[in-house]
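The values are calculated or read from the model by the stated rules, or taken from the named source; none is laboratory data. Keep in mind the model is a prediction, meaning the values are calculated, not measured. Cβ: placed from backbone, ideal geometry, glycine included. Neighbour counts: every protein chain shown.
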Amino acid sequence: MANLIGGIQEAAMATSPREFDLPCPTTLEEIMEKLSVRAAAFQMPFQIKGGVPGQRIAFEKEPNLDVTLWLYLKEGARIRIQPVVSESRTSIGGMRVDKNSVLRKGVKGATVGLAAERGAYIDTVTETVKKILNGEEVADYIAPEVPAGAEPPKDWTVTFLLCLFLGGIGVHRYYVGKVGTGVLFTLTGGLLGIGYLVDLIKILCGKFTDKNGNYIQKQK
């Protein structure tokens with residue numbers, strides 16, 4: 001029990017903000033320029049955004065971990081990286097069935113394990129940003145290789161055609177491994193056609209993901 005409580009406490013800390021100081025004052029635009037030169041070092045793309053949360057550099061959501069990162073500049077020389085967890089939850093009959101659910105990952109995997117993965121991702125991005133802004137060399141991001149025996153990536157064309165012609169009954173979702181939401185689409189006519197249209201647009205824009213959260217994109 002003590003180990004579980006300790007693990008939960010560590011999980012809560014894993015997605016806490018990261019902060020560090022720069023040697024001299026700068027601007028958010030200058031930071032953006034430096035990071036853009038080494039954009040290949042990051043897993044996710046980023047851009048300057050404003051609005052209610054404030055002026056910041058926003059990294060797109062990491063699809064497997066459901067984490068968006070917001071980089072703020074405080075008092076001209078202090079960097080604050082704020083993680084924002086926005087899980088895409090799917091439930092059937094009141095039971096959560098999405099990729100990060102207890103059903104799919106188990107109790108420990110959906111709590112402590114997931115938090116540890118999120119924390120490692122946040123630390124990696126923070127360290128990369130810090131090195132770039134301090135003028136240090138950083139390596140390009142290299143996507144992990146698909147392990148032997150793992151499922152091959154889903155084909156964009158097949159996904160698109162299945163959605164176009166059979167999306168109303170969720171066949172494209174069965175294809176990418178989203179069985180739970182596939183059943184939901186089958187029973188509701190593609191969520192009354194709205195879910196079908198949303199999926200079709202996501203596929204066309206390269207934003208649709210498989211059951212593991214990997215983007216299914218058209219090969220160039």
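Residue 191 - would you say it is over 30 Å from residue 39 (Cα atoms) and either over 21 Å from the mean Cα position of the chain (by Cα) or loosely packed, with under 15 Cβ neighbours inside 10 Å (or both)? Walk me through it before giving the result.
Values: over 30 Å from residue 39 (Cα atoms): yes; either over 21 Å from the mean Cα position of the chain (by Cα) or loosely packed, with under 15 Cβ neighbours inside 10 Å (or both): yes.
Answer is yes for this residue.
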Practice problem: Identify, from the list 100, 134, the residue that is under 30 Å from residue 191 (Cβ atoms), at pLDDT 55 or above, out of contact with any Ser or Thr (no Cβ under 8 Å at 6 or more places or on another chain) and of a type outside the set (D, E, K, R). | Solution: 100
Quiz prompt | segment 41-55, residues that are surrounded by 12 or more Cβ atoms within 10 Å (Cβ to Cβ), modelled with pLDDT of 95 or more and under 17 Å from the mean Cα position of the chain (by Cα) | solution = 41, 42, 46
Quiz prompt | Given (1) within 30 Å of residue 78 (Cα to Cα); (2) touching a residue at least 60 places away in the same chain (Cβ under 8 Å); (3) part of a helix (DSSP H, G or I), number of the condition residue 131 does not satisfy | solution = (2)
Practice problem: Give the residues of segment 23-46 that are touching a strand residue (DSSP E or B) at 6+ places or on another chain (Cβ under 6 Å) and part of a helix (DSSP H, G or I), sorted by residue number. | Solution: 28, 32
Quiz prompt | Condition met for residue 124 (of a type outside the set (Asp, Glu), within 19 Å of the chain's Cα centre (by Cα), modelled with pLDDT of 90 or more and surrounded by fewer than 15 Cβ atoms within 10 Å (Cβ to Cβ)) | solution = yes
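Taking residue 185, is it under 23 Å from residue 61 (Cα atoms), modelled with pLDDT of 90 or more and either in a helix (DSSP H, G or I) or out of contact with any strand residue (DSSP E or B) (no Cβ under 6 Å at 6 or more places or on another chain) (or both)? Write out each step before concluding.
On the way: under 23 Å from residue 61 (Cα atoms): no; modelled with pLDDT of 90 or more: yes; either in a helix (DSSP H, G or I) or out of contact with any strand residue (DSSP E or B) (no Cβ under 6 Å at 6 or more places or on another chain) (or both): yes.
When the stated conditions are applied, residue 185 does not pass them.
Let's see how each residue does on (1) at pLDDT below 85; (2) more than 30 Å from residue 173 (Cβ to Cβ):
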residue	(1), (2)
3	yes, yes
13	yes, yes
19	no, yes
39	no, yes
57	no, yes
69	no, no
108	yes, no
Practice problem: Please name all residue pairs, on different chains or six or more residues apart, with Cβ atoms under 9 Å, provided the first residue is in segment 117-128 and is of a type in the set (A, V, I, L, M) and the second residue is assigned to a helix (DSSP H, G or I) and at pLDDT below 95. | Solution: 120/14; 122/14
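Please determine whether any residue of segment 156-164 is out of contact with any strand residue (DSSP E or B) (no Cβ under 9 Å at 6 or more places or on another chain), within 30 Å of residue 20 (Cα to Cα) and modelled with pLDDT of 90 or more. If you could, list the steps in order and put the result at the bottom.
Taking segment 156-164 as the starting set, the residues that turn out to be out of contact with any strand residue (DSSP E or B) (no Cβ under 9 Å at 6 or more places or on another chain) are 156-164.
Checking the rest, the ones that are also within 30 Å of residue 20 (Cα to Cα) come to none.
Among the residues of segment 156-164, not one is out of contact with any strand residue (DSSP E or B) (no Cβ under 9 Å at 6 or more places or on another chain), within 30 Å of residue 20 (Cα to Cα) and modelled with pLDDT of 90 or more, which makes the answer no.
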Quiz item: Is it the case that some residue within segment 182-198 is touching a Lys or Arg at 6+ places or on another chain (Cβ under 6 Å) and not aromatic (Phe, Trp, Tyr)?
Solution: yes
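Given the residues 211, 218, which is the only one that is outside any helix (DSSP H, G or I), under 22 Å from the mean Cα position of the chain (by Cα) and crowded, with 17+ Cβ neighbours inside 10 Å? Lay out the reasoning, then the answer.
Working: 218 fails: crowded, with 17+ Cβ neighbours inside 10 Å.
That would be 211, the only listed residue that is outside any helix (DSSP H, G or I), under 22 Å from the mean Cα position of the chain (by Cα) and crowded, with 17+ Cβ neighbours inside 10 Å.
Do we have any residue at all in segment 142-152 that's at pLDDT below 90 and either in a helix (DSSP H, G or I) or within 15 Å of residue 63 (Cβ to Cβ) (or both)? Outline the logic, then answer.
Going through segment 142-152, the residues at pLDDT below 90 turn out to be 142-152.
Subset that is either in a helix (DSSP H, G or I) or within 15 Å of residue 63 (Cβ to Cβ) (or both): 143-144.
The answer is yes, given that some residue of segment 142-152 is at pLDDT below 90 and either in a helix (DSSP H, G or I) or within 15 Å of residue 63 (Cβ to Cβ) (or both).
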